[in-house]
1. I'd like to check something: does the stretch 147-163 contain any residue that is closer than 27 Å to VAL242 by Cα and of a type in the set (A, V, I, L, M)?
2. Based on what the data block shows, is GLU98 touching a residue at least 40 places away in the same chain (Cβ under 8 Å) and either assigned to a loop (DSSP other than H, G, I, E, B) or in contact with a Leu (Cβ under 8 Å, 6 or more places away or on another chain) (or both)?
3. Does the stretch 235-254 contain at least one residue that is open to solvent by less than 30 Å² (accessible area, probe 1.4 Å) and in a strand (DSSP E or B)?
4. Anything in the stretch 282-309 that is touching a residue at least 60 places away in the same chain (Cβ under 8 Å), among the small types (Gly, Ala, Ser) and surrounded by fewer than 18 Cβ atoms within 10 Å (Cβ to Cβ)? List them, or say none.
5. Among the residues of the stretch 225-233, is any surrounded by 18 or more Cβ atoms within 10 Å (Cβ to Cβ), within 16 Å of the chain's Cα centre (by Cα) and assigned to a loop (DSSP other than H, G, I, E, B)?
6. Among the residues of the stretch 110-127, are any without any contact (Cβ under 8 Å) to a residue 12 or more places away in the chain and farther than 30 Å from ILE206 by Cβ?
7. Can you tell me which residues in the stretch 147-191 are closer than 26 Å to THR41 by Cβ, in a loop (DSSP other than H, G, I, E, B) and either open to solvent by less than 50 Å² (accessible area, probe 1.4 Å) or in contact (Cβ under 8 Å) with a residue 24 or more places away in the chain (or both)?
8. Could you give every pair whose Cβ atoms fall below 8 Å, whose first residue belongs to the stretch 70-94 and is closer than 30 Å to PRO54 by Cα and at pLDDT 90 or above, and whose second residue is hydroxyl-bearing (Ser, Thr, Tyr) and open to solvent by 50 Å² or more (accessible area, probe 1.4 Å), counting only separations of at least 6 or pairs across chains?
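The values are calculated or read from the model by the stated rules, or taken from the named source; none is laboratory data. Treat the numbers as computed from the prediction; the structure is a model and nothing was measured. Note that we place each Cβ from the backbone using ideal geometry, even for glycine, and neighbour counts take in every protein chain shown. For accessibility, only protein heavy atoms count, side chains too; no ligands or nucleic acids. Shrake-Rupley method; radii C 1.70, N 1.55, O 1.52, S 1.80 Å.
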Amino acid sequence: MSLQHLLPVLVLGLGLPALSQQEQPEFRLQVNSRLISTTLTVRDANGKLVTNLPQTAFHIKEDGIDQTVRYYASQRELPLSIALIVDASGSQDKFVKEHEHEIEDFLREVMEPRDRAFAICFGNHLRLVSDWTSSPVAITDTVHRFNKGERNFPEIGPKEERELGTALYDAVYFSITEKMEAEREHRRVLIVFSDGEENSSEHDLIDAITAAQGADTLVYALRTTENKEKKMNARDRYGMRVLDHLTEATGGQSFDVRKESSKEIFAAIAADLKSLYEIGYYSNNPAHDRRFRKVTITAGEGMVVRAREGYAPR
């Protein structure tokens, strides 16, 4: 190239200042993986709780693909957060009154000073009768005041005009989304007292289950109904199936107070809560969607693991 042709190039080059450090293109590495943690219980072939398994005993599959366990905690290594969701509609209030002392005894047995709980009483409004506290007495006192007719408690969820009387799904959904989701690094448990019947919620059963699975919250239920088994109607059977689906999908369990005493039921739940494991993994699924992912956890031959069925990424 002749000097005559080269000069314009040199002049153009000299006219371009060097990029300053602040103007340099920025390179960012985005990592979208997050720890998927799951709380679970393990029983042997005879139904006895197993509490001494090591991390190496657990194997996880997500949608059939093996995952690597990256986090492990057993028994009481993590604090406990408990939600009591009490159906206070007309057909249920007498059951709650019967259970007041048993609820207090249960909380005294399972809660340590670092643990905490709250209580919601609901009909067609969702009343936060007791916010987070470590005092079993404080919780049962406010539940008792509600049962005596006091209604001067704050509501959770949007203020809705509801004509009918039982908003079970909303009570579960908003208890999780407004209270439980923030309880990170806690084992989260929700206990429902209800017959499972529903007629007033904005959300449906799938929403309630999805919220519980997303927040890794075990749901237990005490099914309370006045009707004897031979006199149950379609609505009674519907309510039973609702609570069965809700608890099984989230890793908890439902109990029927007509078949077991509430004292026995609380003892069974307390035993579970003292025997929880928590394990976690980073999903190797690269998809960035909200499709439900089925999670299967095993713990060796003859062991029965009870945990949430999966989760939907957010």
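1. yes
2. Here the answer is no, as GLU98 does not meet what is asked.
3. Checked the stretch 235-254: at least one residue is open to solvent by less than 30 Å² (accessible area, probe 1.4 Å) and in a strand (DSSP E or B).
4. Hits for the stretch 282-309 are GLY300, GLY302.
5. Checked the stretch 225-233: no residue is surrounded by 18 or more Cβ atoms within 10 Å (Cβ to Cβ), within 16 Å of the chain's Cα centre (by Cα) and assigned to a loop (DSSP other than H, G, I, E, B).
6. Within the stretch 110-127 (the criterion being without any contact (Cβ under 8 Å) to a residue 12 or more places away in the chain and farther than 30 Å from ILE206 by Cβ), the answer is no, since none of the residues qualifies.
7. GLU181, GLU183, GLU185, HIS186
8. That search, which allows pairs on different chains as well, returns ARG70/TYR282.
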